[in-house]
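One structure is given below, represented as structure tokens, and several questions about it will come after.
The values are calculated or read from the model by the stated rules, or taken from the named source; none is laboratory data. Predicted, not measured: the structure shown is a model, and the values here were computed from it. Cβ sites come from the backbone with ideal geometry, for glycine too, and all protein chains shown count toward neighbours. When the accessible area is computed, the model is the full protein with side chains, heavy atoms only, and any ligands, DNA or RNA have been set aside. Shrake-Rupley method; radii C 1.70, N 1.55, O 1.52, S 1.80 Å.
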Amino acid sequence: MKHKIIDRLHEEEGFISGEKLSEEFGLSRTAIWKHVNALREDGYEIESVTRRGYRLISSPDIINYDEIKGELTASVIGKKLIYFQSIGSTNDKAKELAAKAEEGTVIVAEEQTSGKGRLGRSWSSPGRKGIYASIILKPDMEPFNAAKLTLLGAASVALALEDCGIESQIKWPNDIIIGGKKVAGILTEMSCELGIVNYIILGIGINVNQSVEELPPELVDKATSLRIAEGKAIKRKHLLAQVLNRLDELYVQLKVTGDIEQALDICRERSAVIGKDIIVVQGRKQRPGHAVSINHDGELMVRFDEGLEQVISGEVSIRTEYGYV
Ligand code: BTN
């Protein structure tokens, strides 16, 4: 009911009386008043004036469906959004729900208590500071192609940031960087059988409004947030809607054409690695090389001492004047 009341307050330009609300929703005025108070506790600023009623002054930057649905244009991604105040990991929750969930279902949380990064690392996910979202995808593709979806995720984040006026670069395959520091990452997980993908979970983590003190101290040299990089707080709900809309465009294109050429172009144009000396870390091996391009399959083409090779996965460090980062 709370959701219906906030929708109604959003709709109304000025005041709406308690009487009208109680008539419309078939509730007593006391019940309406209780719901309004619960909404205030959620962070909505609602003015109440005797004989005039209630008026919505401002909404909190929360990323539930009610708050972002007005901005969603998606045809597949985000048709259903499951919201948590706090959760271990949205990727884990998405995996739990994936078998029965509709493709495009998004799991979001205000906070993750065991956020996961790539390669068994953790992902710092303090409450209401970042975007922590996992999207359930069921593409008709061979499992060996699944890594391409990471690039789709990275391209969507870069485009969404651009929609918000923020320039970023993509460090193949899954990092979004600003000013040489990581601001977002993608964690792609898959369930498959021989030749068939059951589902893919595309986990997107963006550091949005963390201050320097709110970043893990050991990462301050390597990581940043949009707020630190831009010098101002960013509306998470707007950014999340843009990410989902951009991902929807690229994903629908993949479904229709079977390729990810547009996403690849975005990754190439905004690449932080192409043309750079890099180190490719694969397991225990560290191989210095020169990043040449990203090929049609989304693989990184690297010139090593032994010659030109495709790199399918791995981690890349880029050479800077201070060494490799
Ligand atoms: C990385 O760069 O290492 C990937 C980070 C991915 C973090 C996101 S936050 C939402 C989703 N849930 C998780 O536990 N991880 C991903």
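What helices in the chain pass both tests, a Cα length along the helix axis of 20 Å or more and a mean Kyte hydropathy of 0.5 or higher, using whole DSSP H runs?
Span-like helices here: 147-163.
Which of the aspartates and glutamates could a cross-linker bridge to Lys80, judged by Cα under 18 Å and excluding same-chain residues fewer than eight apart?
Asp7, Asp66, Glu67, Glu71, Asp92, Glu96, Glu102, Glu103, Glu110, Asp248, Glu249
Turning to a different aspect of this structure: At a Förster distance of 56 Å, what's the computed FRET efficiency of Glu306 paired with Glu214, Cβ-Cβ distance as r, to 0.05?
0.80
Show me, for the range 99-108, the HN-Hα J-couplings you get by feeding each phi into the Karplus relation (A = 6.51, B = -1.76, C = 1.60, θ = phi - 60°), rounded to Hz, glycine and proline as x.
4, 9, 7, 6, 4, x, 4, 10, 10, 10
For the range 280-325, which GluC sites (Glu not before Pro) pass both filters: DSSP loop (anything but H, G, I, E, B) and at most 12 other C-beta atoms within 10 Å?
Sites meeting the loop and neighbour criteria: Glu306, Glu321.
Would you mind checking Lys2/Lys69; Lys100/Lys129; Lys116/Lys276; Lys2/Lys235 for any pair whose Cα atoms are more than 27 angstrom apart? It would help to have the intermediate numbers written out before the result.
On the way: Lys2/Lys69 16 Å; Lys100/Lys129 30 Å; Lys116/Lys276 29 Å; Lys2/Lys235 22 Å.
In this structure, Lys100/Lys129; Lys116/Lys276 exceed 27 Å between Cα atoms.
Here is a follow-up. Within the accessible area of the range 65-269, what % is carbon and sulfur when the probe is 1.4 Å and the other protein chains stay in place?
Working: 4280 of 8530 Å².
The value for the range 65-269 is 50 percent carbon and sulfur by accessible area.
Do the sum for the chain: with -39,500 (n - 2.57) for every DSSP H run of n ≥ 4, divided by all residues, what is the mean residue ellipticity at 222 nm, to the nearest 500 deg cm²/dmol?
-9000 deg cm²/dmol
Next up: In the range 197-237, which trypsin sites (Lys or Arg not before Pro) are in a loop and have at most 10 other Cβ atoms within 10 Å, using DSSP for the loop call?
Taking the range 197-237 and a limit of 10 other Cβ atoms within 10 Å, the loop trypsin sites (Lys or Arg not before Pro) found are Lys232.
Given bins 20 angstrom wide, list per bin the percent of all Cα-Cα distances in the chain, short to long.
Values per bin, smallest distances first: 30, 52, 15, 2, 0.
Only four residue types carry charge here, +1 at the Cβ of Lys and Arg and -1 at the Cβ of Asp and Glu. Report the dipole size of the range 2-58 about the Cα centre in Debye, rounded to the nearest 20.
Values: 10 positive and 11 negative charges, 49 e Å.
The calculation lands at about 240 debye.
Given the options Gly179, Gly14, Gly314, state which has the largest fluctuation in a GNM of the chain using a 10 Å cut-off (strictly under) for Cα springs.
Gly14
Same structure again: Just Tyr44, Tyr132, Tyr251 to compare: in a GNM of the chain, with alpha carbon springs under 10 Å, which one fluctuates most?
Most flexible of the set in this elastic network: Tyr44.
While we're on this one: Who wins for biggest fluctuation among Glu96, Glu45, Glu24 in a Gaussian network model of the chain, springs between alpha carbons below 10 Å?
Answer for the Gaussian network model of the chain: Glu24.
Quick check on the range 215-325: take the gyration tensor over C-alpha atoms, sort the square-rooted eigenvalues as a ≥ b ≥ c, and tell me if it's rounded (a/c under 1.5), prolate or oblate.
oblate
Moving on. What trypsin sites (Lys or Arg not before Pro) in the range 1-106 are in a loop by DSSP, with at most 11 other Cβ atoms within 10 Å of the Cβ?
Arg51, Lys100
With every protein chain kept in the model, how would you rank Trp172, Trp123 by accessible area, 1.4 Å probe, largest at the top?
So the residues, ranked largest to smallest area, are Trp123, Trp172.
Counting only heavy atoms of the protein chains, get the accessible area per residue of the range 65-269 (1.4 Å probe) and round it to a whole Å² value.
That works out to 42 Å² per residue.
With all distinct Cα pairs included, what does the Kirkwood hydrodynamic radius of the range 2-58 come out to in Å, to one decimal, could you say?
Taking the inverse mean of 1/r over all distinct Cα pairs, the range 2-58 comes out at 11.0 Å.
Counting Lys and Arg as +1 and Asp and Glu as -1, each charge on the Cβ, what is the dipole of the chain about the Cα centre in debye, to the nearest 20?
The calculated dipole for the chain is roughly 700 debye.
Quick one: Cα centre-to-centre distance for the range 271-293 and the range 78-119, in angstrom?
So the two Cα centres are separated by 32 Å.
Here's a follow-up. Can you find, among Val212, His290, Ala154, the residue farthest towards the positive end of the dipole of the chain? Put +1 on the C-beta of Lys and Arg, -1 on that of Asp and Glu.
Comparing the listed Cα positions along the dipole, Val212 ranks first.
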